[in-house]
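I have placed the structure first, in the form of structure tokens, so that the comments after it can refer back to it.
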Amino acid sequence: MKKDEEEIKKAIDSMKEKRRVPAINMLFKKKEKSKKEPLISEAADAWKIETPEVMPRTFEKIDHVQEIEERIHKARMCLMDFKFDDAKRIYMEIMRLYSSISQKDRYKVYQDIKDLYYERKSAEKFTKAQY
């Protein structure tokens, strides 16, 4: 009975020791050189680049809300330059993006898109009324 208790305590203690090592340390732990590898001169070793075991991210996740806001700004600049066809084309791109985003993101840009629509329509009416 006593041997069983000691065995259980040892198992619990060994599990506690394993938990203390953070997972980050395990990911970025330095690799030990095996004895089979040939020795490399120090000059060549200085040029050697260590690669991490986890691949770094090479791109950022696309933020569609920010992209829509940038295009709204671009469309407004086109309206100010009286480039109504370009503004309409950009507005159509915005609506294509708007239909592909989540409902939560739609709430963020709805009012801006609505304002752009009325700005575009009033600018087009104003120029048609002048001619």
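Is it the case, given these coordinates, that A123 is in contact with a Leu (Cβ under 6 Å, 6 or more places away or on another chain) and either farther than 19 Å from H64 by Cα or in contact (Cβ under 8 Å) with a residue 24 or more places away in the chain (or both)?
yes
Test each condition in (1) at pLDDT 65 or above; (2) surrounded by 10 or more Cβ atoms within 10 Å (Cβ to Cβ) for K29 and report the one that comes out false.
(1)
Any chance region 48-63 includes a residue that's of a type in the set (D, E), modelled with pLDDT of 80 or more and either surrounded by fewer than 10 Cβ atoms within 10 Å (Cβ to Cβ) or at negative phi (or both)?
Our first condition is that a residue be of a type in the set (D, E); within region 48-63, this holds for 50, 53, 60, 63.
Still in the running and modelled with pLDDT of 80 or more: 63.
So of that shortlist, the ones also either surrounded by fewer than 10 Cβ atoms within 10 Å (Cβ to Cβ) or at negative phi (or both) come out as 63.
Scanning region 48-63, I find at least one residue that is of a type in the set (D, E), modelled with pLDDT of 80 or more and either surrounded by fewer than 10 Cβ atoms within 10 Å (Cβ to Cβ) or at negative phi (or both), so the answer is yes.
For region 77-131, give me the residue count where each residue is surrounded by 14 or more Cβ atoms within 10 Å (Cβ to Cβ), of a type outside the set (D, E, K, R) and outside any helix (DSSP H, G or I).
Matching residues across region 77-131 total 1.
The values are calculated or read from the model by the stated rules, or taken from the named source; none is laboratory data. Given the structure is predicted, the values throughout are model-derived calculations rather than measurements. When we count neighbours, we look across all protein chains shown, and the Cβ atoms used for this are built from the backbone with ideal geometry, even at glycine.
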